[in-house]
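The values are calculated or read from the model by the stated rules, or taken from the named source; none is laboratory data. All of these numbers come straight from a predicted model, not from anything done at the bench. Because the Cβ atoms are built from the backbone with ideal geometry, glycine has one as well, and the counts that use them run over all protein chains shown.
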Amino acid sequence: MVTGVRQVQDARSRSYAHPQVQTAWLELDCGFPAVADVFEECIDTALASFDAAQLDAYLEAARFIGKLGRGPEPLLAFLEEWPAVVAAASGDQEPLLPQVMGAIRAMQKSPNSKAITPFLQTLAAIARRLQSAEQIELYIDIALNLMQRTSGSIHGHHTTFPSPGLPHFFDQAPRLLDLLSTAGLRNWTDYGIRNYASHPERQEDYFRLDSADSRAVVQRERHGTLFVDVERPLDLYLRALWRDSEQLVPYSTAFDELRKPIPYYDRLGMRVPDVYDDAHGPAGLVSGLDRYRAVLAHMVGHRRWSGQIIADNYSPFQRMAVEFFEDCRIETLLMREYPGLRRVFLALHPLPGETECDPETTSCLRHRLAMLSYALLDPKHPYTNPQLLEFVARFHEALGDGVSSTREMADLALSYVARTRRQSDQFAKVHFDNTVIDYRDDNRHLWQYIEDSDDEEFFDDPDKQNRKPAESQSLPPRRYPEWDAASQTYRPDWASVYEALHPSGNAADIDRLLDKHAVLAKRLKRLLDLLKPQDKVRIRYQEEGSDLDLDVAISSLIDYKSGVAPDPRINMSHRTDGRNIDVLLLLDLSESLNQKVPEGTHRAGDGGTAGQTVLELSQEAVSLLAWAIDCLGDPFAIAGFHSNTRHEVRYQHIKGFSERWDDGVKARLAAMQAGWSTRMGAALRHAGHYLSARKADKKILLLLTDGEPADVDVTDPGHLREDARKAVEELAAKGVTAFCLSLDPKADDYVRDIFGKRWRVLDRIERLPETLPTLYMELTR
Amino acid sequence: MSNKDQYLVRAEPFYRAQGREVELYEAAYAARLPVMLKGPTGCGKSRFVEYMAWKLNKPLITVACNEDMTASDLVGRYLLDANGTRWLDGPLTIAARLGAICYLDEIVEARQDTTVVIHPLTDHRRVLPLDKKGELIEAHPDFQLVISYNPGYQSLMKDLKQSTKQRFTAFDFDYPEAALETQIVVTESGVDAELAATLVKIAQTARNLKGHGLDEGISTRLVVYAATLIGRGVAPQDACRMAMVRPITDDADIRATLDHAVDASFP
Ligand SMILES: Nc1ncnc2c1ncn2[C@@H]1O[C@H](COP(=O)(O)OP(=O)(O)OP(=O)(O)O)[C@@H](O)[C@H]1O
Ligand SMILES: [Mg+2]
């Protein structure tokens, strides 16, 4: 016990070395020592991603929360979680913060202020699951709705009771959102409200997921094919069938009854619904997975074959017609590649009746176009309208065996609109039934608007690089050459590599990580035992050997005596079946490792990679690998690297070949941190210099990286790549084999250039802890 | 004594050249340079050697290498018989004496100490020492050594030593481009060109996944298998699943994707 420390102490007087932190602290005006203890760290994190205005808003909100009179907890939760919330919602604080503060005020005003802390504590986990501000808003709406409908109305009492379910709801929400879309969460919540609004205990059970019906409703709501469940098959689909790859981003489908979001793609990825139910079309059933595939195929078609047209020249009707023709063109081309797609498209395409729309009263253009669209896809269509038939013929003529063009389709569409025009097209009443083709994207990529282009983009501000770490540089640098592909020469002594002992943290953290993976470790252990050298192995059937193998000798003798050719291999020998492998594990510790592992890529029961950074995951993986190699007895070393221009390549010693896998090493591993860039070549050369001095038969350099070589002083991305390739060649010449495990799903393009055949891309990063050790075993089997 | 004729390739094997490999091989053979054929499994390496042996009218001795193979399995060994001992030449020795092309298939499978026995045959000496017998064989002027090697193996252990690699000229094989592969499938299996093209297309979808869960894509050999099954009346989708998808993966997501590719490829 430490004595003499006053328990209650106003922390307002706390002072911080960093002036920015100090100013922020004064602004916060907070007396909780617990907050003061973590404040600097929180501000550090916030500074890394917030600009000045965002930081102010953050502090202002924090100040408000600190004065709610609910102790330090809500404030702590907010300070610690908020930057993560914002990061998960793609850096967008603006629409989110007012929402969250509104919810807090609402809870504070009602008797539900107790729920504020759990609300804030789980918000980051929620944000990582939902990943967009809109989705988080929906989540907050669900919660507030629950609060309003379950507070203060129990058995007609007029006293106001807090909602019994709300705090539990917040506790369970992250887990629930693993299983349900936001729509499912709302249905589940509604069920609880409807049935238990006036039974406080049972309401608590329900929202704690403790009651049978609560679980049953969760199960029921898990209908349809959830995007999270098919993300990998969809990635594989794009890659395998279309040689395409793209970030897939789900959007919520449940709450936009009016607007009904439509798939689209833009700079940031392909947007698809978060869930698809099976579709029962006129032509049969299409599974949710196949619906996703149809959407992706359609977008791929646009990406391959669609150009852009200037929108300003066209009327809305004309644009609509252009889109129909263009959609059919690319689908025709897609079906040429994969004829079986016709089945899927036709099963999803509405088949409007020819007389369904009355042109006397209704605008029928959509209806006409939907029929035309169907007829363009299906040669066996039922329509007889001569104009339709004429344009079907002209369409196929335009395509012929070629691909035609967006331009040509636009012309065809204009002529179609002109030829089929009717007065009633202008009517306000538009025929929509059976005209919506829901696997088609919204075609935003097709149109170029000349006037008012106000969608400016904001890119990283250059100041980010300004935060300079001031550590001691213990050893004088070693200088390595760098390959200049342009001139095919080396730039001598170009990169300075500073080697330093990696700082230490808490070794117990690593043991904890290993414990967390105890099950996996057990599984690995079985594999390891198979690989482990069995020391003395007897080799039988030897012509020459150290001992006579009696069994074989006798049977040979019998053969000999009976005139049969005897087996001459009657000796046996022994060898020590040693694995003679030295391995150096080189870790890319560049800034990008601080990114969060994308959500939606994991499912319940996976051991929870929820919200981890790539760095944390790497740390787990490396610990497991180190443990595994240690079991095998192969000598190994671990080092990390990052760089800040060629003048400062940091090579951090974590474990040397002669060091044991002990607490000292674990402590260094525990303190692993990421920052700066990736000057791969220099690091490879430095690591190679250690490995080549080893005596083993096989010397392996295993590189774990999440991106391609890059550094702030190099603008040509090819340069460091070429240099890294050269470095790998140099290693090979020295008898060192380099192998790269890349966490960048888009790495194909460049890892092959650098590592030839010796690489693997890990698509499911959350599996890293498992993959890294297994990969090592496979490689050295 | 082994008869040279028995190792001759009698009928012309069907081989469709992918590039200039035939003339380049002839040049290598003219100079008796050792040849290494690199490439993924089932892309036509063995077929190529067979074809070249036929074209050059030289005997061909093929050895499929494996982990348990010892140097004696290549070079030869003493056998005991009623009159004492008798030496039996191994395939490499036979080839060197006869002047055959000796094709060591999948050389990386053999242990490295086995591999080194070929070294003296591959440099200017062109000799093969039979240590146990105390004999030094000068290779026949027609003798040539060819090895094949699949660099796609992920194991770093299964790699050729630099000192072995650097004794060979090398050809890089890969699956033929689509039109050519289609012709090959047509000729090998007798199915029509349209079907063959579809099968090749499916094979390519799997090749696109190399490095993303698949170590190797669907080989030409498997495409020929599928086509052969279809030629014998098996429904195309079934044949594709059985001969092309099932053999290459146990990963459920990949299987589903390739199954879908099969479905999408047939109208
Ligand atoms: N260029 C080609 N000409 C004719 N047939 C070919 C060609 N390429 C591949 N094939 C077909 O592919 C099959 C497999 O080829 P082959 O047995 O030569 O493969 P490989 O490369 O030796 O494979 P492995 O490495 O597994 O031994 C052959 O039986 C043949 O049907
Ligand atoms: Mg072969």
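See the values below:
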{"item": "Of all residues in segment B:1-34 being among the aromatic types (Phe, Trp, Tyr) and either in contact with an Asp or Glu (Cβ under 7 Å, 6 or more places away or on another chain) or not in a helix (DSSP H, G or I) (or both), the one that is surrounded by the fewest Cβ atoms within 10 Å (Cβ to Cβ)", "result": "B:Phe14"}
{"item": "Given (1) farther than 30 Å from A:Tyr449 by Cα; (2) more than 14 Å from chain B (Cβ to nearest Cβ), index of the condition A:Arg239 fails", "result": "(2)"}
{"item": "Some residue of segment B:91-107 being away from ligand 2 (no atom under 16 Å from the Cβ), more than 30 Å from A:Asp559 (Cβ to Cβ) and surrounded by fewer than 20 Cβ atoms within 10 Å (Cβ to Cβ)", "result": "yes"}
{"item": "Subset of segment A:755-766 [in a helix (DSSP H, G or I) and modelled with pLDDT of 80 or more]", "result": "A:Phe755"}
{"item": "Any hit, segment B:235-242, residues being away from every other protein chain (no Cβ under 14 Å), out of contact with any Pro (no Cβ under 9 Å at 6 or more places or on another chain), crowded, with 20+ Cβ neighbours inside 10 Å and closer than 17 Å to B:Ala264 by Cα", "result": "yes"}
{"item": "Single unsatisfied condition, A:Glu94 versus (1) farther than 29 Å from A:Val272 by Cα; (2) modelled with pLDDT under 90", "result": "(1)"}
{"item": "Subset of segment B:39-49 (residues that are more than 9 Å from ligand 2 (Cβ to nearest atom) and modelled with pLDDT of 95 or more)", "result": "B:Phe48"}
{"item": "Any hit, segment A:757-767, residues being within 9 Å of chain B (Cβ to nearest Cβ), within 21 Å of the chain's Cα centre (by Cα) and closer than 17 Å to A:Leu584 by Cβ", "result": "yes"}
{"item": "Test: residue in segment B:164-175 that is of a type in the set (Val, Ile, Thr), closer than 30 Å to A:Ser742 by Cβ and within 13 Å of chain A (Cβ to nearest Cβ)", "result": "no"}
{"item": "Number of the condition not met by B:His260 [criteria: (1) more than 14 Å from every other protein chain (Cβ to nearest Cβ); (2) without any contact (Cβ under 8 Å) to a residue 12 or more places away in the chain]", "result": "(1)"}
{"item": "Number of the exception - A:Gly735 against (1) surrounded by fewer than 24 Cβ atoms within 10 Å (Cβ to Cβ); (2) away from every other protein chain (no Cβ under 14 Å); (3) of a type outside the set (S, T, N, Q)", "result": "(2)"}
{"item": "Residue list for segment A:421-436, restricted to those being touching a helix residue (DSSP H, G or I) at 6+ places or on another chain (Cβ under 7 Å) and on the phi < 0 side of the Ramachandran plot", "result": "A:Asp425, A:Val430, A:His431, A:Phe432, A:Thr435"}
{"item": "Residue ID - farthest from B:Gln237 (Cα to Cα), chosen from residues in segment A:327-353 that are of a type in the set (Lys, Arg) and free of Cβ contacts under 8 Å to residues at least 40 places away in the same chain", "result": "A:Arg336"}
{"item": "Residue identified as within 11 Å of ligand 1 (Cβ to nearest atom) and out of contact with any helix residue (DSSP H, G or I) (no Cβ under 9 Å at 6 or more places or on another chain) among B:Asp250, B:Asp174", "result": "B:Asp174"}
{"item": "Single residue of A:Gly707, A:Gly688 found to be part of a helix (DSSP H, G or I) and touching a helix residue (DSSP H, G or I) at 6+ places or on another chain (Cβ under 6 Å)", "result": "A:Gly688"}
{"item": "Of all residues making up segment B:200-216, the number that are within 16 Å of ligand 2 (Cβ to nearest atom) and either of a type in the set (A, V, I, L, M, F, W, C) or crowded, with 23+ Cβ neighbours inside 10 Å (or both)", "result": "0"}
{"item": "Residues located in segment B:190-221, provided they are away from every other protein chain (no Cβ under 14 Å) and within 20 Å of the chain's Cα centre (by Cα)", "result": "B:Ser219, B:Thr220, B:Arg221"}
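Every residue, every condition in (1) touching a Pro at 6+ places or on another chain (Cβ under 8 Å); (2) over 30 Å from B:Val117 (Cβ atoms), yes or no:
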{"position": "B:Arg167", "(1), (2)": "yes, no"}
{"position": "B:Phe171", "(1), (2)": "no, no"}
{"position": "B:Tyr175", "(1), (2)": "yes, yes"}
{"position": "B:Glu181", "(1), (2)": "no, yes"}
{"position": "B:Ile184", "(1), (2)": "yes, yes"}
{"position": "B:Thr187", "(1), (2)": "no, yes"}
{"position": "B:Asp192", "(1), (2)": "no, yes"}
{"position": "B:Gln204", "(1), (2)": "no, yes"}
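Let's see how each residue does on (1) outside the structural domain of A:Lys67 (by TED's automatic domain parsing); (2) assigned to a loop (DSSP other than H, G, I, E, B); (3) crowded, with 17+ Cβ neighbours inside 10 Å; (4) touching a Gly at 6+ places or on another chain (Cβ under 6 Å):
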| site | (1), (2), (3), (4) |
| --- | --- |
| A:Ser15 | no, yes, no, no |
| A:Ala24 | no, no, yes, no |
| A:Ala36 | no, no, yes, no |
| A:Ala46 | no, no, yes, no |
| A:Asp56 | no, no, no, no |
